[in-house]
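Here the structure comes first, spelled out in structure tokens, and everything after it is commentary.
The values are calculated or read from the model by the stated rules, or taken from the named source; none is laboratory data. Please read these numbers as outputs of a predicted model, since none were measured by experiment. So basically every Cβ, Gly included, is an ideal-geometry build from the backbone, and we count neighbours across all protein chains shown.
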Amino acid sequence: MRRSGGRVLCCVLALWLMAPWAIAEEVDPSATKETKGETKKEAPIDKDAELPEVVCTATRTEKALESTPGSVSVVTRKEIENKGAKTVDEALDTVVGAYAPRNISGGMMDSLANAAVTLRGIPRAVNTLFMLDGFGLNDSYSGSQRSALSIAPENVERIEIVRGPFSSLYGGNAMGGVVNVITRMPEKREFALKSGYGTAWDRGDAPDDVMTWYGSAGDKLFDRLSVFGSYGYKSTNGYPTDLNIQSIRPPAGTAGWSATQTPQGDTRYLIGDRGDKTWWDENLTLKAKYDLSDTTNLRFLFTRALFEYEYETPHTFLRDADGDPVWSYRTSQGRVREGSFISPGGRSGNEDYIYNLAFETEIATAKIKVNLGYLDRPLYYYTTPNATTAIRGGGPGTINKTFAETYQGDLQCTVPLWGHQLLTFGGSYRQSWADTKRFNLSDWQDIDSITTDDYKAGGNEHLIGAFLEDEIMVLDNLTFFLGFRHDWWETSGGYFNQIAATTATPSFDRQYPTRSASAFSPKASIVYKPFEHTTLRASAGQAFRPPTVYELYSVFISRGVTTTANPNLQPETVTSWDIGIEQGLWKGAKARATYFENYMEDLIYTVTRTETLSERENIGSAESRGVEFEIEQRFDKWLRLFSNFTITNAYVTENPGKPETVGKKLVQVPAFMFNNGVDFSWGPLSSSLVGRYVGKRYTNDENTDRYNHVYTSYDPYFLLDTRLSYKVTDFATVSFYVDNILDRDYFSYYKAPGRSFFGEVSFKF
């Protein structure tokens with residue numbers, strides 16, 4: 001598939017040669033220049049018409065949504081409020097082409113441990129770039145999106161989702177697309193206070209005793225300085241998500257167990273659960289913006305995000321002849337220990353600090369932007385109880401602690417040329433390091449009961465990039481976009497030190513050599529508007545992602561399965577193209593359809609070797625192709641109807657290391673998703689009703705899942721959620737939510753939540 005990159009480059013160069021300087025008749029710049037979604041052409045003013053939506057992520061410049069070269073969706077602040085989204089990823093779970101598993105695996109508000117958003121069949125969150133106000137937040141250790149998804153949705157002005165590869169503008173992590181969370185700033189003095197409570201319809205079937213608190217204050221001072229601060233807190237007593245399933249049948253005379261099976265069809269026995277998954281998280285945000293002039297401003301953002309979860313009070317279903325609980329047993333087949341009732345996930349916590357400084361100015365006709373950021377993760381940890389010696393009340397275990405830092409800077413300059421071109425160029429720098437350490441614990445419940453070191457691993461990463469994009473207006477209704485980027489990647493200081501020595505794992509100390517690579521990422525797009533309400537788009541490009549420190553050097557052990565590191569991993573790449581149409585149908589109605597294909601090379605994949613061993617490898621190649629369709633009808637500002645679906649066929653096409661996986665579906669990629677919904681607002685009353693369907697997903701590279709509705713399966717499901725809100729006064733609003741109205745019973749690896757409700761009171765001054 002590497003030959004496809006040459007074809008893309010040839011296409012880009014061909015389009016470049018068609019630049020308008022070769023066209024005899026120059027386009028009148030006054031007739032075509034866009035400023036915040038409006039043109040300088042005079043037109044009759046329609047007071048009832050809505051201003052065009054303006055986005056900036058697809059091109060790094062402000063542009064009307066209908067003129068963007070990519071497949072772009074925008075989730076507005078009003079839509080977030082109408083939906084009542086409690087998290088950023090919940091605000092995205094109805095966007096076409098987006099897969100957000102947190103809110104289906106753990107319910108209304110699961111912990112950040114399960115937070116992720118992926119796009120277009122490119123698996124894993126690390127392949128979707130998540131940004132906050134243009135600042136990349138995929139962490140340096142594993143590429144996770146936790147930092148971005150911890151942002152309070154109340155602070156969000158809008159979310160821009162750009163599907164397709166965008167390494168030409170943003171570098172690595174943008175293989176599937178880009179999600180840019182844009183936070184708001186106050187235009188006047190404001191105060192907000194919000195509090196809510198929710199629980200399962202049937203206790204123990206969904207998160208119990210969900211509590212939320214949010215407060216914010218902001219003001220604009222001296223017409224120059226805007227300040228804003230907020231604090232949010234969420235917690236729940238949880239519910240039993242993790243079941244205790246054993247292969248050894250309880251002995252005769254033991255009651256309470258039930259027979260079940262694995263997704264592969266092997267007989268198993270349900271004997272209890274591993275406790276309620278309780279958790280809390282909090283977010284503190286401070287923002288400031290100072291307008292030095294009408295064209296120059298300075299912005300600062302600080303965010304502190306914390307979360308922690310643990311499993312409490314496991315339950316056994318087993319009873320002996322006297323009716324007493326049974327926590328362990330032995331048969332001729334083997335032994336089941338009390339420790340089997342403890343979740344392997346044990347306890348986990350995370351702490352992030354985000355600092356961002358941005359500067360914008362204009363010099364003559366050039367717009368200059370500087371974005372500096374620092375992401376500090378002083379601690380991410382999780383504990384693992386010892387499978388053979390731990391008990392409910394304590395016992396030996398291990399704790400993994402990860403420390404990470406990322407420094408990054410971005411410089412961009414945008415210059416109009418000859419009235420029909422807009423040239424955007426710049427560069428970026430990213431330096432990051434991460435270290436993970438595992439320690440033995442005398443008590444797995446006490447994270448401070450460290451006895452000895454087990455292993456250490458870590459490394460450094462440097463990424464330098466230079467980019468250029470040329471927007472060429474050939475005609476009033478025809479625009480070319482040509483982008484080029486070159487990135488240089490280096491990893492150094494990689495090491496893995498096994499300290500605790502056993503017969504099975506002797507001590508060793510490995511130091512890995514410095515490695516480097518470079519990637520060229522071209523992209524070309526065409527936007528053509530043959531009619532007033534019709535827009536045609538086509539694009540082709542390449543993207544890449546270098547391996548993370550976690551993939552290169554860290555070992556991961558979960559539920560008896562060891563996933564090994566691979567210091568020889570190469571960057572993965574994708575060559576992609578798409579074609580689409582957006583059509584205005586009648587007043588307030590529009591439809592959009594896009595067909596896409598992705599050809600992935602050297603995809604970093606977890607390959608199953610045995611029941612207890614998996615390895616990270618660059619598999620040969622994979623493909624994903626599909627269709628995205630959406631339709632929307634708006635009736636002024638009081639009613640919005642929407643529907644969308646995504647069909648994705650993602651599979652392995654070449655894998656020399658494991659040929660039997662060729663033709664198998666990529667893990668965690670739903671083949672079909674659809675969303676239908678309605679937003680209603682009339683006077684003080686507003687409501688929403690949303691139905692979501694997600695199809696079957698596979699858990700491993702061999703696609704051995706054959707049965708649904710069992711523990712560890714990923715079932716297809718349909719959920720129906722609703723919200724009703726009433727504005728009691730000008731400053732007070734009450735809201736009521738019901739999630740999973742139909743009380744669907746399904747698994748998303750863990751036991752998914754049943755019907756739950758949530759009530760909320762908010763005040764705005």
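Okay, residues lined up against (1) surrounded by 18 or more Cβ atoms within 10 Å (Cβ to Cβ); (2) at pLDDT 90 or above; (3) closer than 14 Å to Tyr714 by Cβ:
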| residue | (1), (2), (3) |
| --- | --- |
| Val669 | yes, yes, yes |
| Phe672 | no, yes, yes |
| Gly677 | yes, yes, no |
| Ser686 | yes, yes, no |
| Val690 | yes, yes, no |
| Tyr693 | no, yes, yes |
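Each residue in the range 695-719 was checked for being closer than 15 Å to Asp93 by Cα and either free of Cβ contacts under 8 Å to residues at least 12 places away in the same chain or surrounded by 19 or more Cβ atoms within 10 Å (Cβ to Cβ) (or both), and 2 pass. Taken together, Thr424, Thr384 contain a single residue that is modelled with pLDDT under 95 and farther than 30 Å from Tyr455 by Cα, which is Thr424.
Taking residues in the range 361-385 that are closer than 30 Å to Lys437 by Cβ, and partners anywhere that are acidic (Asp, Glu), the pairs with Cβ atoms closer than 6 Å and at least 6 places apart or on different chains are Asp376/Glu405; Arg377/Asp352; Pro378/Glu351; Leu379/Glu351. Residue count for the range 606-619 under the criterion of being surrounded by fewer than 21 Cβ atoms within 10 Å (Cβ to Cβ) and not in a strand (DSSP E or B): the result is 2. The residue of the range 440-457 that is surrounded by the most Cβ atoms within 10 Å (Cβ to Cβ), among those that are in a strand (DSSP E or B) and in contact (Cβ under 8 Å) with a residue 60 or more places away in the chain, is Ala457. Can you say whether Leu318 is over 23 Å from Tyr382 (Cβ atoms), of a type in the set (A, V, I, L, M), out of contact with any Lys or Arg (no Cβ under 9 Å at 6 or more places or on another chain) and touching a residue at least 12 places away in the same chain (Cβ under 8 Å), as far as the supplied structure shows? Spelling it out, Leu318 is indeed over 23 Å from Tyr382 (Cβ atoms), of a type in the set (A, V, I, L, M), out of contact with any Lys or Arg (no Cβ under 9 Å at 6 or more places or on another chain) and touching a residue at least 12 places away in the same chain (Cβ under 8 Å). Please name all residue pairs, on different chains or six or more residues apart, with Cβ atoms under 7 Å, provided the first residue is in the range 114-140 and is under 23 Å from Lys665 (Cα atoms) and the second residue is assigned to a loop (DSSP other than H, G, I, E, B) and among the basic types (Lys, Arg). Hits for this filter: Thr118/Arg124.
Here is the figure for the range 693-717: residues that are within 21 Å of the chain's Cα centre (by Cα) and of a type in the set (Phe, Trp, Tyr) total 4. The set of residues from the range 72-88 being among the charged types (D, E, K, R) and either touching a Cys at 6+ places or on another chain (Cβ under 8 Å) or buried (at least 19 other Cβ atoms within 10 Å of the Cβ) (or both) comprises Glu79, Glu81, Lys83, Lys86. Against the numbered list (1) surrounded by fewer than 21 Cβ atoms within 10 Å (Cβ to Cβ); (2) of a type in the set (D, E, K, R); (3) touching a residue at least 24 places away in the same chain (Cβ under 8 Å), Asp242 comes up short only at (1). Restricting the range 278-327 to residues that are surrounded by 20 or more Cβ atoms within 10 Å (Cβ to Cβ) and not in a strand (DSSP E or B), the residue that is modelled with the lowest pLDDT is Pro314.
Go through the residues of the range 432-439 one by one and say whether even a single one is more than 23 Å from the chain's Cα centre (by Cα), among the polar types (S, T, N, Q) and buried (at least 21 other Cβ atoms within 10 Å of the Cβ). No: the range 432-439 contains no residue that is more than 23 Å from the chain's Cα centre (by Cα), among the polar types (S, T, N, Q) and buried (at least 21 other Cβ atoms within 10 Å of the Cβ).
If the condition is being of a type in the set (Ser, Thr, Tyr) and more than 27 Å from the chain's Cα centre (by Cα), then the range 475-494 contributes Thr479, Ser492. Listed here are the strands (runs of 3 or more DSSP E) enclosed by the range 179-277 that have at least 2 residues being closer than 30 Å to Lys696 by Cβ and under 28 Å from the mean Cα position of the chain (by Cα): 190-200. Across the range 586-603, the qualifying residues are those that are touching a Ser or Thr at 6+ places or on another chain (Cβ under 9 Å) and over 18 Å from Ala540 (Cβ atoms), and the one among them that is surrounded by the fewest Cβ atoms within 10 Å (Cβ to Cβ) is Arg592. Number of residues in the range 739-753 that are within 25 Å of the chain's Cα centre (by Cα) and in contact (Cβ under 8 Å) with a residue 60 or more places away in the chain: the value is 8. Does the range 684-705 contain any residue that is out of contact with any Asp or Glu (no Cβ under 8 Å at 6 or more places or on another chain), on the phi > 0 side of the Ramachandran plot and of a type in the set (Gly, Ala, Ser)? Within the range 684-705 (the criterion being out of contact with any Asp or Glu (no Cβ under 8 Å at 6 or more places or on another chain), on the phi > 0 side of the Ramachandran plot and of a type in the set (Gly, Ala, Ser)), the answer is no, since none of the residues qualifies. Exactly one residue out of Val178, Val156, Val210, Val227 is surrounded by 22 or more Cβ atoms within 10 Å (Cβ to Cβ), modelled with pLDDT of 90 or more and not small (Gly, Ala, Ser): that is Val210.
Beta carbons closer than 9 Å, at least 6 apart along the sequence or on distinct chains, pair a first residue in the range 667-681 that is at positive phi with a second that is among the charged types (D, E, K, R) for Gln668/Arg124; Gln668/Arg697. Restricting the range 602-630 to residues that are of a type in the set (Val, Ile, Thr) and touching a strand residue (DSSP E or B) at 6+ places or on another chain (Cβ under 6 Å) leaves a set whose member that is nearest to Ile581 (Cα to Cα) is Val627. Looking only at residues in the range 562-594 that are part of a strand (DSSP E or B) and in contact with a helix residue (DSSP H, G or I) (Cβ under 7 Å, 6 or more places away or on another chain), the one that is farthest from Ile631 (Cα to Cα) is Thr575.
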